[in-house]
Amino acid sequence: MKAVILAGGFGTRLRPISSTRPKPMVPVLGKPNLQYILENLEKIKEIDEVILSVHYMRGEIREFIEEKMSDYPKDIRFINDPMPLETGGAIKNVEEYVSDQFLVIYGDVFTNFNFEELIEAHKKNGGAVTVAITKVYDPEKYGVVQLDEEGKIVEFEEKPRRPKANTVDAGIYMVDKEILNEIPKGKEVYFEREIIPKLVNEGKVYGYMMPREIYWVDLGSPDDLFYAHQIALDEITKANGYYTIAEGAEVPEDVEIQGPVYIDEGAKIGHGVKIKAYTYIGPNSVVKDKAYLKRSILIGSDIIREKSEIKDSILGEGVVIGSNVIIKENAVIGDYAKIYDNLVIYGAKVLPWKKVEEYEAWIKLKLDPTKVRPELTPDRCPLGLPECIYKKFRAIAAEKPPCDECIENQWLF
């Protein structure tokens, strides 16, 4: 049996992290999500070949497989999409390589689900497609499904405004090859929006509820990446204790750690550093004296200089943060960006290789966007920024008021 991993998406909502890596290569605790999926498939004896459907930055994926997964025990085949084909078009593009029944997994699914359970369920129910489903708190973001007593899907609605249930499509399917006749070749087709609803109406789709103890995250946004790290840290905590310091990491005794925390190999932590819950410090990162980190992700090879504070934020690979810098409010810093000393960034996205040399980040005020205009902005900063920085922000805004798009997306150009 073949397993198809759809690994060609652009990951636009994950930018700038996905600006420099394909979406399936976004790491959780230093390991690309694609590797988690491959390791999961390795356990299934019935799977004899993994097909990677690739498009965006496919060279990065191929290089990873050749260098890091060279001893993988199953065959791996690359199928290039000539253009963005979306999920249905990508599945159609592998038609000549798959068996009568095959497994499909979206490359952005982070889970410990045993795919073998779905394979067995599909063999028993006799449907054309069996969808792995799970329960979530925010079903409006996903394809919402409803089952009858026999497990057949009787209603499927993609991203409804008013969900009727909290059971959703998990992006993992067992598929009969015959349904590929429903998909035109070389066209952009959404499997979950166009093909599955049609098959549901024909009574050919079944659902399989993933066990309650299984975790599942769609790595679609920075918030999802935070959630995946939280889950992974909790799992490691169960096995290894409240925090983990990998081999080769240097952590002085006066460093304050409040777990769950993971400090990866080769990291060097300075004196007086405080590392709070749900922080991951990637390999070969350097955190200088008296820095403060809380619920932050440092992907790797990052440098945090003295007395800087990183909270609720993601730093890409090779980021350099100057001294006395504050980065908060779900900021995302792209690979190899450099933030100079004494700056404050709230909720901004910094492009890869960007150098932020002065306070050019429009502050994400918790007010109506029009109130960033100097004449309407309060004298005192509603976020509690130091007065000197807030005055500088107001001066910049007077010269160049930010447009609505900048305010909404919080980009630094």
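Here, each number is a calculation from the coordinates, and none is a lab measurement. From a predicted model like this one, the values you see are computed outputs, not experimental measurements. Virtual Cβ from ideal backbone geometry, glycine too; neighbours counted across all protein chains shown.
I need Tyr262, Tyr242 ordered by Cβ neighbour count within 10 Å, fewest first.
Numbers: Tyr262 25, Tyr242 12.
Arranged by neighbour count, lowest to highest, Tyr262, Tyr242 become Tyr242, Tyr262.
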Fill in the blank from the handout: Expressed in angstrom and rounded, the centroid-to-centroid distance over alpha carbons for region 76-103 and region 308-359 is 39
Handout entry: Computed [θ] at 222 nm, helices only, for the chain once each DSSP H run of length n ≥ 4 contributes -39500 (n - 2.57)
Key = -6000 deg cm²/dmol
Exercise for the section: Check each of the trypsin sites (Lys or Arg not before Pro) in region 77-152 and keep only those in coil by DSSP with at most 14 other C-beta atoms within 10 angstrom; list them in order. Expected result: none
Fill in the blank from the handout: The ³J(HN,Hα) series, computed from each phi in region 201-213 with the Karplus coefficients 6.51, -1.76 and 1.60 at θ = phi - 60°, rounded to the nearest Hz and given as x for glycine or proline, is 4, 8, x, 10, 10, 10, x, 10, 6, 5, x, 4, 6
Exercise for the section: List the chymotrypsin sites (Phe, Trp or Tyr not before Pro) within region 94-157 that fall in a DSSP loop (any state other than H, G, I, E or B) and whose Cβ has at most 10 other Cβ atoms within 10 Å. Expected result: Tyr137
Handout entry: Subset of Lys290/Lys311; Lys43/Lys68; Lys124/Lys238 violating a 26 Å alpha-carbon distance limit
Key = Lys124/Lys238
Problem - Excluding exposed DSSP-loop GluC sites (Glu not before Pro) (at most 14 other C-beta within 10 Å), longest clean stretch of the chain - result: 47-148
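List the relative contact order of the chain as a percent without decimals, with contacts defined as Cα pairs under 8 Å and 6+ residues apart. Kindly include the intermediate steps, with their values, before the conclusion.
Details: 974 pairs, mean separation 45.7, N = 413.
Answer for the chain is 11 percent.
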Problem - Sequence-separation-based contact order of region 242-357, relative, with Cα cut under 8 Å and 6+ spacing, percent - result: 15
Practice task
Please work out the Cα center distance from region 249-280 to region 158-212, rounded to the nearest Å.
Solution key: 44
Exercise for the section: For Lys187, list the lysines whose Cα falls under 25 Å from its own Cα; do not include residues on the same chain fewer than 8 positions away. Expected result: Lys2, Lys23, Lys92, Lys141, Lys159, Lys177, Lys198, Lys204
Exercise for the section: Step through the residues of region 105-110 one at a time and calculate ³J(HN,Hα) from phi using the Karplus curve (6.51 cos²θ - 1.76 cosθ + 1.60, θ = phi - 60°), rounding each to whole Hz and writing x for Gly and Pro. Expected result: 10, 6, x, 9, 8, 9
Exercise for the section: With both partners inside the chain, how many of the DSSP beta bridges are antiparallel, as a percent to the nearest 5? Expected result: 25
Problem - Relative contact order, percent, region 2-220 [alpha-carbon distance under 8 Å, six or more residues apart] - result: 25
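Stretched out fully, how many nm does the piece from Asp234 to Glu202 gain, at 0.36 nm a residue minus the Cα gap?
Working: separation 32, 0.36 × 32 = 11.52 nm, distance 4.21 nm.
Stretched fully, the Asp234-Glu202 segment lengthens by 7.3 nm.
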Completion exercise
Options [x] 68, 51, 40; [y] 60, 51, 45; [z] 76, 49, 49 are given for Cα extents along the principal axes in Å, and the computed one is [x]
Problem - Cα-centre dipole for region 1-158 with unit charges at Cβ (Lys and Arg positive, Asp and Glu negative), debye to 20 - result: 540
Handout entry: Reachable aspartates and glutamates, given that their alpha-carbon falls under 15 Å from the alpha-carbon of Lys355 and they are not under 8 places away in the same chain
Key = Asp302, Glu317, Asp335, Asp341
